[in-house]
1. Please count how many residues of the stretch 134-164 are crowded, with 17+ Cβ neighbours inside 10 Å and either in contact (Cβ under 8 Å) with a residue 40 or more places away in the chain or under 21 Å from residue 87 (Cα atoms) (or both).
2. I'm checking my understanding of the structure. Among residues of the stretch 100-111 that are within 19 Å of residue 162 (Cβ to Cβ) and in a helix (DSSP H, G or I), which one is modelled with the lowest pLDDT?
3. Does residue 68 satisfy the condition of being part of a loop (DSSP other than H, G, I, E, B) and buried (at least 18 other Cβ atoms within 10 Å of the Cβ)?
4. In this structure, is residue 76 surrounded by 19 or more Cβ atoms within 10 Å (Cβ to Cβ), part of a helix (DSSP H, G or I), touching a helix residue (DSSP H, G or I) at 6+ places or on another chain (Cβ under 6 Å) and at pLDDT 90 or above?
5. Could you tell me whether residue 89 is under 12 Å from the mean Cα position of the chain (by Cα) and within 17 Å of residue 145 (Cβ to Cβ)?
6. Could you list, in sequence order, all residues of the stretch 24-37 that are touching a residue at least 24 places away in the same chain (Cβ under 8 Å) and not in a strand (DSSP E or B)?
7. Just checking, which of 190, 113, 183 is within 22 Å of residue 52 (Cβ to Cβ) and surrounded by fewer than 20 Cβ atoms within 10 Å (Cβ to Cβ)?
8. Looking at the stretch 13-31, can you tell me whether even one residue there is in contact with a strand residue (DSSP E or B) (Cβ under 6 Å, 6 or more places away or on another chain) and either over 21 Å from residue 77 (Cβ atoms) or surrounded by 13 or more Cβ atoms within 10 Å (Cβ to Cβ) (or both)?
């Protein structure tokens with residue numbers, strides 16, 4: 001297993017740590033800015049989520065720079081992204097941090113399952129589909145939105161800017177757009193199936 005794939009596996013291994021930090025009721029206290037409160041556990045979870053998310057850029061950088069792109073990496077990298085994002089969205093719903101818009105989490109996770117299913121069908125025909133540019137933009141939009149939500153929209157809440165909510169909607173738009181793009185570009189799988 002090459003270095004980029006090891007980094008991707010490390011990203012997957014950080015998911016249970018993130019879940020423990022976010023969901024186990026540690027008594028780490030709360031940071032307060034006026035009327036706004038941020039549990040230290042949520043800050044720690046957000047930092048870990050951001051670190052795990054940046055490994056997506058790091059493994060891709062090494063894979064391209066040193067010509068270490070493999071079929072395993074093409075499969076593992078988007079899978080790691082989907083697992084991390086899905087876990088974070090479920091945590092946000094569980095903690096009631098999605099501004100009563102948990103349906104957005106359902107749409108995003110459903111898209112991830114649908115595209116993963118499409119990838120598996122394509123893999124059955126011998127084709128491994130790497131993430132395209134639109135899919136990468138979608139992933140980063142989701143990461144920004146989830147990070148803002150994990151941080152309870154701080155520091156933007158201090159100036160009454162609904163940054164987390166805005167980025168959540170941007171992530172939703174790119175999620176739907178990139179999902180449709182994958183299916184349209186690979187529609188021959190469904191046309192040619194018997």
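The values are calculated or read from the model by the stated rules, or taken from the named source; none is laboratory data. In this text, all values refer to a predicted model and were calculated from it rather than measured experimentally. As a convention, Cβ positions derive from the backbone with ideal geometry for all residues, glycine included, and neighbour counts pool all protein chains shown.
1. First pass over the stretch 134-164, keeping only residues crowded, with 17+ Cβ neighbours inside 10 Å: 135-136, 138-139, 141-154, 156-157, 163-164.
Checking which are either in contact (Cβ under 8 Å) with a residue 40 or more places away in the chain or under 21 Å from residue 87 (Cα atoms) (or both) leaves us with 135-136, 138-139, 141-154, 157, 164.
Residues that pass the stated criteria total 20.
2. Step one: of the stretch 100-111, the residues within 19 Å of residue 162 (Cβ to Cβ) are 100-105, 108.
Checking which are in a helix (DSSP H, G or I) leaves us with 102-105, 108.
Details: 102: 93, 103: 96, 104: 97, 105: 97, 108: 96.
Restricting to residues being within 19 Å of residue 162 (Cβ to Cβ) and in a helix (DSSP H, G or I), the top hit is 102.
3. On the way: part of a loop (DSSP other than H, G, I, E, B): yes; buried (at least 18 other Cβ atoms within 10 Å of the Cβ): no.
Judged against the criteria, residue 68 is not a match.
4. On the way: surrounded by 19 or more Cβ atoms within 10 Å (Cβ to Cβ): yes; part of a helix (DSSP H, G or I): yes; touching a helix residue (DSSP H, G or I) at 6+ places or on another chain (Cβ under 6 Å): yes; at pLDDT 90 or above: no.
So residue 76 fails the test.
5. Numbers: under 12 Å from the mean Cα position of the chain (by Cα): yes; within 17 Å of residue 145 (Cβ to Cβ): yes.
So residue 89 passes the test.
6. Step one: of the stretch 24-37, the residues touching a residue at least 24 places away in the same chain (Cβ under 8 Å) are 33-34, 36-37.
Residue satisfying the conditions is 34 alone.
7. Numbers: 190 fails: within 22 Å of residue 52 (Cβ to Cβ); 183 fails: within 22 Å of residue 52 (Cβ to Cβ).
After applying the criteria, what remains is 113.
8. Of the residues in the stretch 13-31, the ones in contact with a strand residue (DSSP E or B) (Cβ under 6 Å, 6 or more places away or on another chain) are 30-31.
Filter again for either over 21 Å from residue 77 (Cβ atoms) or surrounded by 13 or more Cβ atoms within 10 Å (Cβ to Cβ) (or both), leaving 30-31.
Scanning the stretch 13-31, I find at least one residue that is in contact with a strand residue (DSSP E or B) (Cβ under 6 Å, 6 or more places away or on another chain) and either over 21 Å from residue 77 (Cβ atoms) or surrounded by 13 or more Cβ atoms within 10 Å (Cβ to Cβ) (or both), so the answer is yes.
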